[in-house]
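The values are calculated or read from the model by the stated rules, or taken from the named source; none is laboratory data. Owing to the predicted nature of the structure, the values given are computational and were not obtained by experimental measurement. Cβ sites come from the backbone with ideal geometry, for glycine too, and all protein chains shown count toward neighbours. Please note that ligands, DNA and RNA were not included when accessible areas were found on the heavy atoms of the full protein model with its side chains. Shrake-Rupley method; radii C 1.70, N 1.55, O 1.52, S 1.80 Å.
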Amino acid sequence: MNESLLRELVPAVIGVLVRRGADFASAEDAVQEALIRALDTWPADPPRDPKAWLVAAAWRRFLDAARAEASRRGRELAVQAEPPPGPPPATDDTLRLYFLCAHPTLPHSSAVALTLRAVGGLTTRQIAAAHLVPEATMAQRISRAKRRIAGLPLDQPGDLGTVLRVLYLVFNEGYGGDVDLAAEAIRLTRQLAALTGEPEAAGLLALMLLHHARRASRTGPGGRLVPLAEQDRSRWDTRLIAEGVAILQAALARDRLGEYQAQAAIAALHADARSAAETDWVQIVEWYDELLRLTGSPVVRLNRAVAVGEADGPRAGLAALDGVDPGLPRYAAVTAYLHERAGDLPLAAELYAEAARAATSVAERDHLTRQAARVRQLLAP
Amino acid sequence: MKYLILKHYRGGPAPVVDCGTMDTWTPEEVDAHVQFMRDFAARLEETGEYVEGQGLSPEGAFVRYDGEGRPPVTDGPFAETKDLIAGWMVIDVDSWDRAVQLAGELSAAPGPGGKPIHEWLEVRPFLTEPPTVTE
């Protein structure tokens, strides 16, 4: 059985149940239970029509749950065993689910979990494993999120920006447990880009593909981080890069620039360079200027300083840090790098060590500690 | 039985070997140390004794309640003189002796010159559920 094929059916099946009159929360629960059963029984006994099987199983679960609820309340509930015909199937059921699951009123962690379950078709157990939390905690997070959005209409246009941010978060979580969240984020973004036709959705997809293409080269032996300049570019996935660039170009041609397209443009310029030395830093700085104009983000300002340092020299890079909040994560790492390039090795070593203390992941901490060690060694008599 | 092996940035008994901070080692020594830690955890997964491990940032603060309607009081960043936890590993082993043996092996992680750093690690038994059979 192909598990990802099964997962792709989930949003459509939820849509069918909702159109038959189920509320979103109960429909989503019923489909999740049917999904878990499918994962259990399909390998030995695959159905001829997977979607019909899932709809039937989920609808049965929904009716059982509704009856149990009705008898618990001690009143009659007219639950039809045969579903009413309902409105004609809408092709954008799935799109509505994206908007609902990433609703702006939900905290990010809940929106991520709910999107992965209702749109991505992952089980609670898989989502919990990927986030290193107990399954019961994740189940609770999801049901609280569903209570929060209960009663929201399923048929209103949503906020594309929040949906994109949620998918971006999923992509950045990388992988944990048996699920590759980066690949899952790409699948969901690809689907979203096709459903909406929005240039920013395409921009995010391009950004993900271009970063995913470098994945194999980003870590060395023992999980060591390999910085962009030192990556073995022959290990970059040229097929993914070509696809990302094509998607980005089509999006840019529509002349509705947004932050994801600008970020993807920067990633594409890196992907274009056959060696680190051939990187077109001048153009990258121009894209950072666009990105800064679009977002005003302090993190963008920090990353821009690195690009300026490459384009116009480390002194210019340090000057570009003027007004950037030193409390930002990676601020010390950026200044360390620029001072090293400017030739102030003692200060660079100090700053790398400081950056290691401020690191937010073990891999980053080890990398920065190693950088401090490397520079100190250059200083040793 | 579960045991917590606690690693400290500072605090605990006086170090027996002065290795300096890791940024004063060579890059190869840093790599060897990191690799040893990974291999150690991987080996305990193999033997079915590994539960989990996490590293902690040296940043943070002490926090306490300061009365109704008032924001919590924080005390931080941590003073240089205070004991500071760097991370932990939880192991599930048959005996205290095995826990001590493993902590001893972990403390032999290589440092400058590839020599063991003899770092003090704190080993603490978890409190367990009360037994079902009591007599």
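Computed quantities for the displayed model
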item	result
Single unsatisfied condition, residue A:217 versus (1) under 20 Å from residue A:101 (Cβ atoms); (2) in contact with a helix residue (DSSP H, G or I) (Cβ under 6 Å, 6 or more places away or on another chain)	(1)
Selection count where residues are surrounded by fewer than 20 Cβ atoms within 10 Å (Cβ to Cβ) and either closer than 18 Å to residue A:120 by Cβ or modelled with pLDDT under 90 (or both), scope segment A:45-63	4
Residue identified as without any contact (Cβ under 8 Å) to a residue 40 or more places away in the chain and within 27 Å of the chain's Cα centre (by Cα) among A:343, A:327	A:327
Answer from B:67, B:60 - the residue that is more than 28 Å from residue B:128 (Cα to Cα) and at pLDDT 95 or above	B:67
Qualifying residue in segment B:73-82 (condition: free of Cβ contacts under 8 Å to residues at least 40 places away in the same chain, within 14 Å of chain A (Cβ to nearest Cβ) and either surrounded by 15 or more Cβ atoms within 10 Å (Cβ to Cβ) or in a strand (DSSP E or B) (or both))	yes
In segment B:7-30, the residues that are more than 7 Å from every other protein chain (Cβ to nearest Cβ) and either within 17 Å of residue A:363 (Cα to Cα) or in contact with a Lys or Arg (Cβ under 6 Å, 6 or more places away or on another chain) (or both)	B:28, B:29
Matching residues, segment B:49-68, being among the small types (Gly, Ala, Ser), more than 9 Å from chain A (Cβ to nearest Cβ) and out of contact with any Asp or Glu (no Cβ under 8 Å at 6 or more places or on another chain)	B:53, B:60, B:67
Close pairs (9 angstrom Cβ cut-off, 6 or more residues apart or separate chains): assigned by TED's automatic domain parsing to the domain that holds residue A:191 in segment A:93-111, of a type in the set (Phe, Trp, Tyr) anywhere	A:97/A:24; A:100/A:24
Pairs where the first residue, in segment A:347-374, is facing chain B (nearest Cβ under 7 Å) and assigned to a helix (DSSP H, G or I) and the second is among the charged types (D, E, K, R) and open to solvent by 70 Å² or more (accessible area, probe 1.4 Å), C-beta under 6 Å, 6+ apart	A:356/A:365
Residues (in a helix (DSSP H, G or I) and open to solvent by less than 20 Å² (accessible area, probe 1.4 Å)) located in segment A:203-225	A:203, A:204, A:205, A:206, A:207, A:208, A:209, A:210, A:217
Scan of segment A:124-146 for residues that are among the hydroxyl-bearing types (Ser, Thr, Tyr) and more than 21 Å from residue A:34 (Cβ to Cβ), ordered by number	A:137
Qualifying residue in segment A:321-328 (condition: assigned to a helix (DSSP H, G or I) and open to solvent by less than 50 Å² (accessible area, probe 1.4 Å))	no
Candidates A:106, A:95, A:100, A:122, filtered to the one that is more than 30 Å from residue B:51 (Cα to Cα), outside any helix (DSSP H, G or I) and not β-branched (Val, Ile, Thr)	A:106
